[in-house]
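**Q** I have a structure I would like to understand better, so I am pasting it below and will then ask my questions one at a time.
The values are calculated or read from the model by the stated rules, or taken from the named source; none is laboratory data. Worth saying up front: this structure is predicted, and the values here are computed from it rather than measured. Glycine gets a Cβ as well: all are built from the backbone with ideal geometry, and neighbour counts include every protein chain shown. The accessibility values were calculated without ligands, DNA or RNA, using every heavy atom of the protein model including side chains. Shrake-Rupley method; radii C 1.70, N 1.55, O 1.52, S 1.80 Å.
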Amino acid sequence: MKITMIGTGYVGLVTGTCLAEVGNDVLCLDVDARKIDMLESGLVPIHEPGLEPMIRRSVAAGRLRFTTDPDAAVAHANVQFIAVGTPPDDDGGADMQYVLQAARNIGRRMTHWTLVVDKSTVPVGTADRVRETIAEELAARGVDVPYTVASNPEFLKEGAAIEDFMKPDRVVIGADDERAIALLRAIYAPFQRNRERLLVMDVRSAELTKYAANAMLATRISFMNELANLAEKLGADIEHVRQGIGADPRIGWHFLYPGVGYGGSCFPKDVKALRHSADRAGAPLRVLGAVEAANDAQKRVLVDKIVARFGRDLSGRRFALWGLAFKPNTDDMREAPSRVVIAMLAELGATIVAYDPVAIDEARRVLGDTAHLAFAANPIDACDGADALVVVTEWKEFRSPDFDEMKRRMKRPLIFDGRNLYEPDIVRGAGFEHVSIGRR
Ligand SMILES: NC(=O)c1ccc[n+]([C@@H]2O[C@H](COP(=O)([O-])OP(=O)(O)OC[C@H]3O[C@@H](n4cnc5c(N)ncnc54)[C@H](O)[C@@H]3O)[C@@H](O)[C@H]2O)c1
């Protein structure tokens, strides 16, 4: 099948690559010429485990190509996926300009029946706006070309994106047109060979499902974060509480880990956008206001603990910081808690020496040069002369460090463990003072 992917970012590139992997002929379009140049010269602009060899394979087989040319992209296929960014607007709503620009590009060029699939996370009603935008362009051309707009939100997780796309829990299709449903069913057939995972529904429900999923997950995180703070005050251990509630199948084990707040390109903006839609619809989601406020406070919690220990003047203090990316297995720094921690520590006069297995280049790009921040080539070097270690992202390689060597390198043996990565008994047994999120 010939497929066009509009937008070659985390979602578009992974989706396009996975669709090519199963034999489709995929053309990925982007307006970012630098990104397309990189891909054409064999480089991959993002860190995503397993992605690079897959791209190489499909490019070599001629099934996966990249372009900045919208004419070529529209001419390539009668299935056009829109996977462009939907960042927050000034008022918290989703900024639809990229999605509508993609729709306009299609409307200006299409010559035969086309299925336009909204894969970006978009507010309810967007498929209607995409449909109207295409209609305007067709009217301006004075032509009448049939087309259908469907919704197919994406649920992949950065860091496990390939696995998620190749073996999805579910594929949500929002469409009311049999031809569109049949085509999407055929596109997704290779990814659900052992059981049916397609959930076909109306377009508006599909659009809302994506926001509902992210808002629910963000809610669990904020709930656990606030509960951890409470456990600390009450002398309880959040880890025991987590186990005690996770064992209840109605609650389950996922997303119950307290930490330094959620970040990334999705939860923060999607919670905001859903709140915004709900307010405008006159059915406010009050709970999400609390989720956001709790998260903002949680991003500051480690620095509050550092201030409680050292006071507000941190000039002359040096902190090792492990983990820059908003979560492990990605180099994505969008809304990463590390950014808040670094900015606050720098503001209080501290120097930070940071290490991350893959996100240092991206951190340099988004944080720029500052006298307060340096990067280390490995975790242990970051510890040299540090007043404390601050753990912000739970990369696997941080789980069992050489505590003796750390102690030798650090000015004092102190860990602010923002992800509860270490068992208090073990780390204290190794001679460290351990400050955690809600552990005893
Ligand atoms: N990143 C995730 O984990 C994830 C998961 C599920 C859903 N989503 C959603 O998917 C969408 C894309 O997210 P992302 O993280 O891949 O974003 P991204 O910023 O990594 O990629 C978007 C790409 O679209 C390109 N673009 C913008 N306008 C364009 C146009 N008119 N034509 C062609 N290309 C254009 C940009 O240059 C960019 O490369 C968002 O709505 C996001 O909420 C993201």
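**Q** State whether the residues of region 98-112 include one that is charged (D, E, K, R), in a helix (DSSP H, G or I) and either more than 11 Å from the ligand (Cβ to nearest atom) or in contact (Cβ under 8 Å) with a residue 60 or more places away in the chain (or both). Before you say what the answer is, go through the steps one by one.
**A** Let us first name the residues in region 98-112 that are charged (D, E, K, R), namely 104, 108-109.
Next, from what is left, pick out any that are in a helix (DSSP H, G or I): 104, 108-109.
Right, trim to either more than 11 Å from the ligand (Cβ to nearest atom) or in contact (Cβ under 8 Å) with a residue 60 or more places away in the chain (or both) and you get 108-109.
Yes: one or more hits.
**Q** Restrict the check to region 133-149 and report whether at least one residue is within 13 Å of the ligand (Cβ to nearest atom) and in contact (Cβ under 8 Å) with a residue 60 or more places away in the chain.
**A** no
**Q** Tell me which residues, restricted to region 312-329, are touching a strand residue (DSSP E or B) at 6+ places or on another chain (Cβ under 8 Å) and closer than 20 Å to H47 by Cα.
**A** Passing the criteria: W322, G323, L324.
**Q** Something else: Would you check if there is a residue in region 169-179 being away from the ligand (no atom under 16 Å from the Cβ) and assigned to a helix (DSSP H, G or I)?
**A** Within region 169-179, one or more residues are away from the ligand (no atom under 16 Å from the Cβ) and assigned to a helix (DSSP H, G or I).
**Q** When both residues are 6+ apart or on different chains and their Cβ atoms are under 6 Å apart, which pairs have a first residue that lies in region 315-327 and is buried (at least 24 other Cβ atoms within 10 Å of the Cβ), and a second that is hydroxyl-bearing (S, T, Y)?
**A** W322/Y355; G323/T393; L324/S338; A325/T393
**Q** Which residue, of A83, A61, A77, A73, is out of contact with any Pro (no Cβ under 6 Å at 6 or more places or on another chain), touching a residue at least 60 places away in the same chain (Cβ under 8 Å) and open to solvent by 10 Å² or more (accessible area, probe 1.4 Å)?
**A** Exactly one of A83, A61, A77, A73 is out of contact with any Pro (no Cβ under 6 Å at 6 or more places or on another chain), touching a residue at least 60 places away in the same chain (Cβ under 8 Å) and open to solvent by 10 Å² or more (accessible area, probe 1.4 Å), namely A83.
**Q** Quick one: which strands (runs of 3 or more DSSP E) sit completely within region 334-430 and have at least 2 residues that are modelled with pLDDT of 95 or more, under 29 Å from N229 (Cα atoms) and open to solvent by less than 20 Å² (accessible area, probe 1.4 Å)?
**A** Counting at least 2 such residues, we get 351-355, 388-391, 414-417.
**Q** Here is a list: D270, D279. Which entry is touching a strand residue (DSSP E or B) at 6+ places or on another chain (Cβ under 9 Å) and either at pLDDT 95 or above or within 16 Å of the ligand (Cβ to nearest atom) (or both)?
**A** The conditions single out D270.
**Q** Whether any residue in region 255-276 is closer than 27 Å to I415 by Cα and open to solvent by 20 Å² or more (accessible area, probe 1.4 Å) is what I want to check.
**A** Among the residues of region 255-276, at least one is closer than 27 Å to I415 by Cα and open to solvent by 20 Å² or more (accessible area, probe 1.4 Å), which makes the answer yes.
**Q** Within region 1-77, considering only strands (runs of 3 or more DSSP E) that don't extend past its boundaries, which have at least 2 residues that are within 13 Å of the ligand (Cβ to nearest atom) and out of contact with any Phe, Trp or Tyr (no Cβ under 7 Å at 6 or more places or on another chain)?
**A** Passing ranges, in order: 25-29, 64-67.
**Q** For region 78-97, how many residues meet the condition of being of a type in the set (S, T, N, Q) and near the ligand (Cβ under 10 Å from one of its atoms)?
**A** Matching residues across region 78-97 total 2.
**Q** Moving to a separate point now. Which fully enclosed helices (runs of 4 or more DSSP H) of region 263-324 have 1 or more residues being more than 27 Å from E362 (Cα to Cα) and in contact with a Ser or Thr (Cβ under 8 Å, 6 or more places away or on another chain)?
**A** Where helices (runs of 4 or more DSSP H) fall fully within region 263-324 and carry at least 1 residues being more than 27 Å from E362 (Cα to Cα) and in contact with a Ser or Thr (Cβ under 8 Å, 6 or more places away or on another chain), they are 286-298.
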